[in-house]
Amino acid sequence: MLNRRTLLVSSAAGLPLLSSWPALAQAKKNSVTLAMTLEPPGLDPTAGAASSIAEVVHYNIFETLTKINSDGSVSPLLAESWEVSSDLKTYTFRLRKDVKFQNGEPFNAATVKFSFERAAADKSTNKDKRTFADLRCRVADEHTIVITNQDIDPDFLFVLGQATSIIVEPKSAATNATKPVGTGPYTLAAWARGASVTLTAWKDYRAAQGIRIQRAVFRFIPDSAAQVAALLAGDVDAFPRVTPRSVPQFKHNPRFQVVVSNSRAKTIVAINNARKPLNDVRVRRAIASAIDRKAVIAGAADGYGVPIGSYYVPTAFGYVDTTGVNPFDVELAKALLAEAGVKTPLTLNMTLPPTPYARQGGELIAAQLAKIGIQVKLQNVEWAQWLSGTYGNKNYDLTLISHVEPFDLGNFAKPDYYWGYRSPEFNDLFEKIKNVSRPADRARLLGDAQRLLAKDAAHAFLYTPQWVTVADKKLRGLWKDMPVFVNDLSSLSWG
């Protein structure tokens, strides 16, 4: 029989009694540690192209007018409702009135106008700058903004939910890369460069009572072996988009859940179309035909991928199968090089960012291209080097990269984009795609654009990856699919 004295003595002796009463032993867990392969170069998604920025801040620190959900649908976020004009170009957004920025400044229609005009400005480094340049914003009243798009864009509400469309506070916008200020449920607590970023729940968030994760740590672990070790040791609760090679160790482990997600990403061997002899379509077609997509998926993505023949994925509206345009055919590839007058061996460099799929895939592709007389010199670079040298200065022949934006077909119409692809025929097609209103016509034009890019062998199109998340079995709210790269902390909780 227990009396008060017995209970006190037992408690003092090492808490054996409390171990049988978990509700008393510890409070419900309210923190989470997530891991990422790459560290973001900054924390402002309007200032750089790295998807790792949005993985930390999108929907956590910064918010957008609309929110993209796991299934690709769009719902209200900072805009509580909207109306669309009969010509499908003008959107009237009614904004939430219970929102403020984390520095106490008000959120209103003027801040939306400022954010989008900033994104379109001459000095803007927003990767979707061209999209915002086509918008005209008018403040109707404090909580109503009218946005007119130069083109008809059926995906406009989706675009407004992407990280490049975040609403920023004018006084703090210039320092968001290191001191981000948004309207979201979390604020930056610490950034240990090279190691981690820590976010904490913002007590003045409009729906703070519904936020179950109060502290989140993002750890940066590029090495696949270290990724596995961190998960097994319990140092990491979840690893979204973990290196696929790590997955078999967790599939049958009862401590973990393995979530396989579809994506809108396109993994390609990007070709610098502006350089000789790569400006010759026969050379580009030879490169594409020398690559065995299925072998690359098996070796670089451990089977988690679906072959593509153009810059479009099977889950997107208007997809057509173009994998047969440049089939895997070594003899055809050799003949195309000979037809182009290329003397072998032809030496090309390939820059590889630090992601495992790039490093693993680069070795495979170099070996495949060697069979047609192309000697590939692999150059491993860090992410910052890739962004500045390859993407920024266009200093490359080939690079292996996965573009994760869901609606970025228009990059082929940008004359100064790092690919160096220029096609009046594609530009004309893309203008029609942007302005057509009937879905059937748009699907037909999208198919034509895909076939043109495949015929031009603008790149060696490889596969759309399937992302794999390994997480603690008790963690709830992980996204099933990933139409955009985010880690939405507000959806997470412990079961």
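Once the Cα-Cα distance is subtracted from the 0.36 nm per residue extended length, the Asn435 to Arg138 segment shows a gain of 104.7 nm. Relative contact order, whole percent, for the chain stands at 21, derived from Cα pairs under 8 Å and 6 or more residues apart. Accessible area per residue (1.4 Å probe, heavy atoms of protein chains only) ranks Arg293, Arg94 as Arg94, Arg293, with the largest value leading. Stretched out straight at 0.36 nm per residue, the stretch from Lys294 to Arg130 would grow longer than its current Cα-Cα span by 55.5 nm.
Relative to its residue count, segment 387-495 spans a Cα convex hull of 163 Å³ per residue. Close amide-amide hydrogen proximity is noted between Trp202 and Tyr186, Thr187, each under 5 Å apart and 5 or more residues distant or on a separate chain (H modeled in the peptide plane; Pro and chain starts excluded).
Using a simple spin-label model with pseudo-atoms 7 Å out from Cα toward Cβ, Ala190 and Glu83 lie 5.1 nm apart.
The aspartates and glutamates within cross-link reach of Lys203, meaning a Cα-to-Cα straight distance under 18 Å and a gap of 8 or more places when in the same chain, are Glu63, Asp98, Glu105, Asp488. For segment 128-216, the set of trypsin sites (Lys or Arg not before Pro) satisfying both a DSSP loop assignment and a count of at most 12 other C-beta atoms within 10 Å is given as Lys171, Arg193, Lys203. If you take the Cα centroid of segment 132-189 and the Cα centroid of segment 425-457, the two points sit 28 Å apart. A simple spin-label model places pseudo-atoms 7 Å from Cα toward Cβ; at Ala225 and Ala443 they are separated by 5.0 nm. Label sites at Ala233 and Thr344, each approximated as a point 7 angstrom past Cα along Cα to Cβ, lie 4.7 nm apart. Only protein heavy atoms count here; on that basis, with a 1.4 Å probe, Glu55 has an accessible area of about 20 Å².
A simple rule links phi to the HN-Hα coupling: the Karplus curve 6.51 cos²θ - 1.76 cosθ + 1.60 with θ = phi - 60°, which for segment 165-172 gives 9, 4, 9, 10, 8, x, 6, 10 Hz, with x for Gly and Pro. With every protein chain in place and a 1.4 angstrom probe, the accessible-area ranking of Thr322, Thr187, largest first, reads Thr187, Thr322.
Straight-distance candidates among the aspartates and glutamates for linking to Lys28, with alpha-carbon spacing under 17 Å and chain neighbours fewer than 8 residues away dropped: Asp237, Asp472. Computed from the Kirkwood radius of its Cα pairs, the Stokes-Einstein diffusion coefficient for segment 245-326 at 10 °C and 1.306 mPa s stands at 104 µm²/s. Only bridges with both residues in the chain count here: give the DSSP antiparallel percent, nearest 5. So the antiparallel bridges amount to about 75 percent of the total. What the Cα convex hull of segment 172-314 gives, in volume per residue, is 204 Å³. The slack between Lys171 and Ala367, meaning 0.36 nm per residue of separation minus the straight C-alpha distance, is 65.3 nm.
At a temperature of 20 °C and a viscosity of 1.002 mPa s, determine how fast segment 91-240 diffuses translationally according to Stokes-Einstein, using the Kirkwood radius over alpha-carbon pairs as Rh; express D in µm²/s, rounded to the nearest whole number.
121 µm²/s
Please work out the Kirkwood hydrodynamic radius for segment 178-222, using every pair of different C-alpha atoms, and report it in angstroms with one decimal place. After inverting the mean inverse Cα-Cα distance, the result is 11.3 Å.
The values are calculated or read from the model by the stated rules, or taken from the named source; none is laboratory data. Please read these numbers as outputs of a predicted model, since none were measured by experiment. When we count neighbours, we look across all protein chains shown, and the Cβ atoms used for this are built from the backbone with ideal geometry, even at glycine. We work out accessible area using only protein heavy atoms, side chains counted, and drop any ligands, DNA or RNA first. Shrake-Rupley method; radii C 1.70, N 1.55, O 1.52, S 1.80 Å.
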